[in-house]
Structures are given as C-alpha cells and as structure tokens.
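Note sheet for the following structure.
The values are calculated or read from the model by the stated rules, or taken from the named source; none is laboratory data. Predicted model, so just to flag it, every value in this text is computed and none were measured. FYI the Cβ positions are ideal-geometry reconstructions off the backbone, even for glycines, and counts take in every protein chain you see. Surface areas here come from the heavy atoms of the whole protein model, side chains and all, with no ligands, DNA or RNA. Shrake-Rupley method; radii C 1.70, N 1.55, O 1.52, S 1.80 Å.
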Amino acid sequence: MLRTIKDIDIDGKRVFIRCDFNVPKDEFGNITDDRRIRAALHTIRYCIDRECRIILASHYERPEPGKYEEKYSLRPIAKRLHTLLKIKNELYMANDVVGPDAKEKASKLQPGDILMLENLRYEAGETANDETFAKELASFADVYINDAFGACHRKHASIYAIAMQFDKEHKAAGFLLSKEVNFFSKVLEDPIRPFIAVVGGSKVSGKLQALNNLLNKVDKVIIGGGMAFTFLKAQGYEIGKSLVEDDLIDEARDIMEKAHSLGVKFYLPVDFVVAPEFSENTAVKYLPSQEIPHDWMGLDTGPASSRLFREVLNDAQTIIWNGPMGVYEMDKFSKGSLMMSHHIAETHATTIVGGGDTADVAQRAGDVDEMTFVSTGGGASLKLIEGVKLPGIEALEK
Ligand code: AMP
C-alpha cells in the first residue's frame, strides 16, 4: 500500500512537495486550465495547517537547460496558486532552482510559509535524474512528498533520485497522487461489470501495450481516432489517405483475434467525417467506413458511429476513456469526440477520463462535473493502464 502524507510525521518540518504545475497557457500567456494547480491545494493546505515550511517544485514544459526564458517561468503559476490558496501570507518565488536566491529565501521561511522554486527543467540535472542535483533539492527539506501524478512516469531527479535521499519515514505520496493511483488500481483490479474501454487518439503504437492489458480486463472495447484505420486496414478495408501504421497491421489483427478469443466485444467506427486534406477549411463528407475514397482521409467518427457507441455504452457500469475520437482541435472534426464525452457522461457508470487531450475534450464538452474522475496525467494514467509500475511510486516504496 502506498504511504501517504497522513502516514508520516510532518508537523513543523521542512517539507518539499513535488507538484505537477504543467498547465496549458494561451498565446498571451494566460493560464487556460488550472485544474492541476487546484488539484495540488489539498496537500499544500494540509502542510500549512501543520506549521510546515513548504518548498514547492515543478517542471514547466521543455525549456533549454541553463537558459532562463521567461515564458517557462513558474511565476504566473505561483500567482494563481496564491489566489487559489486564499492565504494572507506571501507566497515566495525563487529566481532560481537550487541557486543562491532559492537557498536564501528557503532559509528565511517561517512556519506556514511557502517558497516556489523555479522551473526544475532550467537545470539539466532534472531530466538526467542526476544524483548531485537531487541531493541539492533534497537539502531544502526534512520530508519529501510526491504529489505530481502527471510526472510520475518519468525517471527524473525531482521524482526519482530525490526520493532515494529520504528513508521511508520521511517520504510519502501527497493526496492527489494517492487518489489517482488508488482510483486506477481499484478500477483495473476489481471493476464493476460491464467494464468498457474507449480508446482513441492518433496512433496504435502509443496505445498498443495499454490495449493488450485492457483486453484481459474489459468486456467491450470501443476504438476511435486515427488508430481505427490501422484496424480497418487489417480487416481489408480501403482507408484512403487516413492515418495508418502499416507496420502494425499484424499487431492490430492479433489484438482483434485476442479480443475475439477472450469474448471481448470489439467495436470500430462504422462511418467517418472524411476530407481531401488535413485542414479546417476543407470540404467534408459523411461516409460509411467501407466507402472512404482513396484520395480522402477520415478525420472524425461520424454520426452513425456515435449512435452505435451510445448503444454499446448503454449497459456500462465502469468506463475508462483515453484518447479523442477525431481531430477534435478543429471544430469540423470535434463532434465525434464531444458526442463520446456526452454519451459517457450520461451513463450511470463509474467513469474515468485519462488525462491530457481526453480531459480537454470533456472540459470543452462541459462534462467534467458529470465524470466520476478526471485524471490530471495523460502519460502517467496510460502507464497505469498498461500495468506498468510508475518510477515515482517505485521510488517512494524503495
Ligand atoms: P494521442 O496523443 O495518441 O492520444 O492522440 C491525440 C491526437 O490524435 C489528437 O491531437 C487528435 O487530433 C489526433 N487524432 C485523432 N483522430 C485522428 C485522425 N482520424 N487523424 C489524425 N489525427 C487524429
């Protein structure tokens, strides 16, 4: 069982909390979705209430190490966090990660104070899982808390090497991390049936292992998105210029055969929104999957597929959804994904939405509140579905 912050003594201690504040911003630098910041509040408030001196750390996107570019700074995130925390105390922002400014500000913290370090990826040691860098980070605190579910699948210094610097009494999972992990493991180990997986997104290759693992657990699988075409081609259909992975056609066939032999019902889209080119300003047609013209491509699932999938989901008790049904970023090709979100939200099932793009679809569809659980981590949740132990969890247990 994963040890959580409640299982260790943190009262009055210096606590290092690794968060995942990697939130999307628009072209003006405004935060467009602060769910990941809000999800961190629980653990931070718990530490404030226990008179801890709190050090917060996160990465933000992919800056070039050593180059402090402002667009990668965590400063706007610290500001939003301060607003959401509704505390009178200041939230101190360091100008560096483990440099003199961070060290000086950390040394002056009073009980209940918070210091946010700059973007961890400004330092090359972060992604290299460098021990020296991890030791510098660890020197800020007596206790290490990992609450960065969205980054737990990466073996980076602030996730892995740092945890090795603390013994079991001085490291634990934060509330968000433990909630995410417990939710996925409960559903995957002991689902209420019928259990349905809805899998979309661009490619089969990214979800191959997840599909294989899911087949052993679910009653039905619905496939959408670009990956559907590799399966349709494996069945011998003309798929035109649609996205396809020719080298995975055999794998796709094996997956369908495995589903058949396990008695798992396997559903592919029966129609598509097709276009002659990958563009928002193009002509479209709504055609059955067997009628895709050879020089057109499928960019979204069509209305007949939406109705079929709704029927398939009707008796679900548990649904896990990962990956959009089409190129939802373009309005013209977003309907299949939005309809899928509505259908899932309308069921009476326990519904789990797996991070990233999929959470974004549910958000645009206005369905987030109707879902049982929307994960804050795309890659990490996929790893859990694959049945892989996350490095971040492993390091907490070692
Ligand atoms: P993934 O990162 O594998 O979950 O894939 C998400 C991406 O798949 C989104 O950016 C979608 O635009 C893209 N996608 C979904 N359906 C298609 C399609 N039919 N053709 C090309 N790309 C697609």
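Observations on the model:
- GluC sites (Glu not before Pro) within region 304-383: DSSP coil, no more than 16 neighbouring Cβ in 10 Å: Glu329
- Rounded accessible area per residue of region 58-157, 1.4 Å, Å²: 46
- Carbon plus sulfur fraction of accessible area for the chain, probe 1.4 Å, in percent: 47
- Antiparallel DSSP beta bridges within the chain, as percent of all bridges there, nearest 5: 20
- Here's how it looks for Leu2: its modeled amide H is under 5 Å from none belonging to a residue 5 or more places away or on a different chain.
- Considering only region 271-398, percent of DSSP beta bridges that pair antiparallel, nearest 5: 55
- Sum of -39500 (n - 2.57) over DSSP H runs of 4+, divided by residues of the chain (222 nm, nearest 500): -10000 deg cm²/dmol
- Counting DSSP beta bridges with both ends in region 191-366, the antiparallel % (nearest 5): 35
- Inter-label distance, nm, simple model (7 Å from Cα along the C-beta direction), Phe28/Leu262: 4.8
- In straight-distance terms, cross-link reach from Lys186 covers every one of the aspartates and glutamates whose alpha-carbon lies under 16 Å from its own, apart from those fewer than eight places away in the same chain; here that gives Glu386.
- Amide H contacts of Cys52: Gly12, Gly112, each under 5 Å away and 5 or more positions distant or on a separate chain (H built 1.01 Å from N in the peptide plane; Pro and chain starts excluded).
- Here the Kirkwood formula, the inverse mean of 1/r across different C-alpha pairs, assigns the chain a hydrodynamic radius of 22.3 Å.
- 0 to 90° range, to nearest 10: angle between helix 175-189 axis and the chain longest Cα axis: 30
- Angle in degrees between helix 303-313 and the longest Cα principal axis of the chain, rounded to the nearest 10: 70
- At a Cβ-Cβ separation cutoff of 4.7 angstrom, cysteine residues of the chain with no neighbouring cysteine are Cys19, Cys152.
- Chain lengthening between Asn95 and Tyr286 when straightened (0.36 nm per residue, less Cα-Cα): 63.4 nm
- Each residue of region 151-166 is assigned a 3J(HN,Hα), and the resulting list reads 10, 5, 8, 10, 8, 10, 4, 7, 10, 10, 4, 5, 5, 5, 7, 10 Hz, derived from the Karplus form 6.51 cos²θ - 1.76 cosθ + 1.60 (θ = phi - 60°), x at Gly and Pro.
- 3J(HN,Hα) couplings calculated from phi for region 205-210 with the Karplus curve 6.51 cos²θ - 1.76 cosθ + 1.60 (θ = phi - 60°) are, in sequence order, 4, x, 10, 4, 5, 5 Hz; Gly and Pro show x.
- Nearest-ten-degree value, helix 335-346 long axis tilted from longest Cα axis of the chain: 70
- Residues whose amide H lies under 5 Å from that of Val374, counting only those 5 or more places away or on a different chain, are Val353; hydrogens are built 1.01 Å from N in the peptide plane.
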